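Every number in this text was worked out from the coordinates using simple rules, so none of it is lab data. Predicted model, so just to flag it, every value in this text is computed and none were measured. As a convention, Cβ positions derive from the backbone with ideal geometry for all residues, glycine included, and neighbour counts pool all protein chains shown.
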Amino acid sequence: METVTDCLLDTIGKMQSTLGSNIRWSVPTIMRFASASLAIVTIVTCIYMMTSVQQDLTPKRSLDNSESIKSIKTLIDQLSSRDTPEPYDTNWDKRDWKNFPEKRVTAIRKLYLVRHGQYEGPNGQLTELGREQAEYTGKRLAQYLGRMGVDGAGFRSITHSSMIRAEETARIISASLPNVPVYMDDILKEGGPVKPDPTVSFWSLPDRQFWEDGPRMEAAYRRYFHRQDPGINNTAEIIVAHGNMNRYCILRSLQLRTNAWFNLYLPHASITQVVINPDSRVSVGPIGDAGHIPLEKQTG
């Protein structure tokens, strides 16, 4: 306060010298003038400090690590590439025969992924309701077979995992498709394909389980998910497996993030259709269709 007053007195003295001695400043007037000036200075200082702090706290978005964007083109390139997914791999199954005309594929390959019915017990046998669900699914697949005469694709096989609940489901389905051969493949059994993201509190496996199951489940995907073989017409296969296995294969076939598999819901005895086209395009849907099962008998 004293410093400000001294400065004002000095300024007033100079003003008196310039304007003449007719101007007189009393001490109370000087003090009021000093107080008002100090208040103004304080307010201006506070506003400046608040503005500086706000600027410091404002998040700064940097498009790259350089100090400045050198050109508009650089900015456009960075905005265009942000969050852009990887391009679709057209040769994902390593069966691109474009350089071998004699092996050119024109047929469609369809897979019908079926989850087993409801089960219980340490060995995982189907419940009575689970057997009913499998019967409904067998009848629905028989209806699909009746429509396949349009494109010439019939069911070549029913393949199930080695786990009891999948085997029982496949046998019940087979009763509705008596002319379709049934096979067992141990590679299709349930497991943890990859640690899910996001994680869930009610389900977990040790990391070593993913390390053991993941390669096997990836091998199952590669065994069954591929374009049609050269010289073979349109066909379809039924695969009776498990929730985790089917969900992983669905995401894998669409080239999506496989650790999101826990986000898919597949009811018991549901059907997912996968269509693999000759040009490598894959379409999936419906996913987890259980509309053929009465609502009161649906479980998941």
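What to note about this one:
- Added length on full extension, which subtracts the Cα-Cα distance from 0.36 nm per residue, residue 106 to residue 257: 51.5 nm
- Loop-located chymotrypsin sites (Phe, Trp or Tyr not before Pro) in the stretch 257-300, at most 16 other Cβ atoms within 10 Å (DSSP): 265
- Taking the Cα centre of the stretch 155-219 as origin and assigning +1 to Lys and Arg Cβ atoms and -1 to Asp and Glu Cβ atoms, the resulting dipole is close to 180 debye.
- Linear extension gain, residue 281 paired with residue 199, 0.36 nm per residue minus alpha-carbon span: 26.5 nm
- Cα extents for the stretch 103-297 along the principal axes, largest to smallest and rounded to whole angstrom: 47, 38, 27.
- Loop-located trypsin sites (Lys or Arg not before Pro) across the stretch 85-188 with a Cβ neighbour count of 14 or fewer within 10 Å are 94, 98, 104, with loop assigned by DSSP.
- A dipole drawn for the stretch 103-297 from +1 and -1 charges on Cβ atoms has a positive end, and of 248, 235, 258 the residue lying farthest that way is 235.
- Extension reserve of the residue 264-residue 229 stretch, reckoned as 0.36 nm per residue once the Cα distance is removed: 9.6 nm
- Pairs of alpha carbons in the stretch 203-266 whose separation is greater than 13 Å (percent): 69
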